[in-house]
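Input: a single structure, listed below in structure tokens.
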Amino acid sequence: MSSYRDWDTLEALKNSPKGRLRYNQQCTPEEEDLLSQSICMLSPYAGWVLEKIIPNKTLINASECQEYMQDLNGLSSMSAPASPVPPLISPAETDKKQEEQIILESCKDVDPFLRYLSRVCSWNQKLEILFYSTFFQEELNARLDYVNRYNRSLAEKAAEQFKRFEEMLELKQRQEKQKLEEQLEKDSKEALERQEKLKEEHRHRAKLLSLKLREAEQQRQQELERTRQEEGRERMRRLCALQQEALQLIQKIEIDQKLQETLRVDLSIFSKRGNQICGDLSNVVRSSSEGQFPSQDDVIFGERSVQELKLLFRDMEKEVAAAQGRYKAEEEAAKQKQKDAEQQQQQAKAQASGPTQKKTQDKKEGLQSTSDKNIMEQYKELLNRCDQCFNAISALLTSKDAKDKKTRFELQKAVLLPVGQISSDLTNVQEVFKKLNTLLTGGEVRTLEKSVSLSIHALASDFVNYKLAERFVTQAEQEVASHHESAFPLAMVVSGIWERHPQVGDLFLAHLYKKCPYSVPFYPAYKKGVPIIDYQRELGYNIDGSVVEPQDRFLKRMSGMIRLYAAIIQIHNAFGTVQSHHPHGLNYGWRWLAQMLNLEPVVDITATLLYDFLEVCGNALMKQYQDQFWKLIILLKEELFPRIQMVTAEGEMGAVVRLRSFLENILQRKTIPLPKGYQRF
């Protein structure tokens, strides 16, 4: 081993816990006596150690080794005087080879320290240090064994404690989990209790609310019953008042028989009809009295009865006035005849020669009682065409064959459904026109789940033309009469069909003239001997059995048809290019208005129809005829309107007031606004 490595080992031993021990080299006298008395015994192997280790060290000189060996021999002899010193033998030859090897290994690192001590200590001290080194090595090994055993026991304890800790941790987790579950269960129980409590409160409130609702419903029913009774009593009072008015009217209608004989007029038809109306009204009042209260239909029936009695009384007055006029004329004629006879006698006596000169008087012509001759001829011709078409399709209309009935039903659906679906939407109007035009041109159209065409029957074409024209007029009676704005979408379809299918237009005019003769214009005159009901039917009234519709409903229907007519004549080329002119354009509107001004006005009808026609078609006529139109309006206001006021009773001035207000407004503004509904088309 080199000196460098020896000094490193020595330095490491010096820094070890044992190397840091301090030894006192100066012994006291007491310590020296103690050491002198002590006997140091070395083992037989000490010599082998000194022989094998110390002589091989280069740092110890030969004299020191020799002295060291002598001391060892002396000590050996002292410790074992009776036994000879064993020879130094090799570790391979001794029985204690293992022990020697251990001693050698333990002394390898001690040699530098011994060399150091050899310089400062005595040989006894050196031996003592060597002894203690061996002893401490054994103690160290024992201590290491103890420490290892202690560490193992500590590790076992730590493992056990770790197991206990894990068990304790697991126990705490189980306890916390159980505690949490108990808390959750407790909270759920409390939530259920609160929920049950809320349910109970809800049920209680629901009961209270149902009671309040029941009370409110009872109060509402009581209020409704009270209102119903009040309305019923009011209707009963109204019905009784209508019956009283009807009785007063029938008393006026029943004229003395002697007066009838004097006037040479039969008024029994008015008396019979009036008694029949009063009898029907009395039956309604009697049946209403037997029940609880009369219905609104009963009141409407009473109003219609009174209105019909008023019309009957008015017609009777006209008849009586005419009879009185004839009676007075006859009396005057008789007086004039007698006077003429007296004058002739006087002239025969007088001398006179030469032709007598007759004075001519200008005869002032008044208003006409009928329309122009050409218009009436056209009117009769259209009615004849309509009757001919009806006669042509009568075989299909009256057929009892199941196939003909089915064909008739399908064709009617193909016509009635599209017309009934016309609305103010332009797209809808175009679809309806397309469907009707396709049907009239022979194409197939779909009605619900079946396809229909004119090829299914020989009379299908005439049947569809007749029914379509009739349906247009019916739509005007029902829809346009209630909603004036609907006149233009319907007129758009009628005008488009009329331009492409003139036969439908002619049938439409014929149906319109039948239901509304005032659209010609034409006021049917009463013919002697004709029943009053037939005459009223000729005037356009709807008659159900022997009941004539009320005047307000009659005027409403007439208004709807005139409005449709006025809308049609101003719409041209509504669905694409058509080369021909409008078959019934604004010139017919001008002719209608001029003819109305030439006719004697009729109460209600003239004022109502003039107002409706001008409101719908006035703007178009104003743009077309300009100054001539305004001259016609001035003539209407100054000449015809006073005559309208003269024939109208004081209580029936509603239509007259509307017409007067309309004329004043347009003359003041010098313009006529567009009608409602026209802007969309």
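Listed values, structure above:
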| item | result |
| --- | --- |
| Arg235 accessible area, 1.4 Å probe, all protein chains in place, Å² to nearest 10 | 50 Å² |
| Spin-label model distance (nm) - Glu156 vs Gln251, 7 Å beyond Cα toward Cβ | 14.1 nm |
| Pairwise centroid distance, computed over Cα atoms, of the stretch 560-635 with the stretch 502-541, Å | 19 Å |
| Which listed pairs, of Lys413/Lys515; Lys637/Lys676; Lys380/Lys676; Lys403/Lys556; Lys318/Lys515; Lys435/Lys556, have C-alpha distances above 28 Å, in listed order | Lys380/Lys676; Lys403/Lys556; Lys435/Lys556 |
| Cα gyration tensor shape of the stretch 368-512, rounded if a/c is under 1.5, else prolate or oblate by comparing a/b with b/c | oblate |
| Area accessible to solvent at Ser188, 1.4 Å probe radius, in Å² | 50 Å² |
| Gain on full stretching of the segment that runs from Glu538 to Thr671 - 0.36 nm per residue minus C-alpha separation | 44.2 nm |
| Two-site label geometry, Arg446 and Ile634: point separation in nm, points 7 Å out along Cα→Cβ | 6.1 nm |
| Heavy atoms of Thr134: accessible area, 1.4 Å probe, square angstrom to 10 | 60 Å² |
| GluC sites (Glu not before Pro) restricted to the stretch 598-660 and DSSP loop, no more than 11 other C-beta within 10 Å | none |
| Between the stretch 199-257 and the stretch 163-182, the alpha-carbon center distance in angstrom | 80 Å |
| Theoretical FRET efficiency, 1/(1+(r/R0)^6), r = Cβ-Cβ of Asn428 and Gln478, R0 25 Å, to 0.05 | 0.90 |
| Sequence-distant residues sharing a close amide H with Thr447 (under 5 Å, placed H) | Val452 |
| Solvent-accessible ranking of His511, His581, His484, largest area first, probe 1.4 Å | His581, His484, His511 |
| Solvent exposure, largest accessible area first (probe 1.4 Å, DNA, RNA and ligands not counted), of Thr606, Thr441 | Thr441, Thr606 |
| Among 138-145, 582-589, 671-678, the order from most to least packed when residues are scored by Cβ within 10 Å on average | 582-589, 671-678, 138-145 |
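The values are calculated or read from the model by the stated rules, or taken from the named source; none is laboratory data. Quick caveat, the model's predicted, so the values are computed rather than measured. For neighbour counting, all protein chains shown are included, and Cβ atoms are generated from backbone atoms with ideal geometry for every residue, glycine included. These area figures cover heavy atoms from the full protein model, side chains too; ligands, DNA and RNA do not enter into them. Shrake-Rupley method; radii C 1.70, N 1.55, O 1.52, S 1.80 Å.
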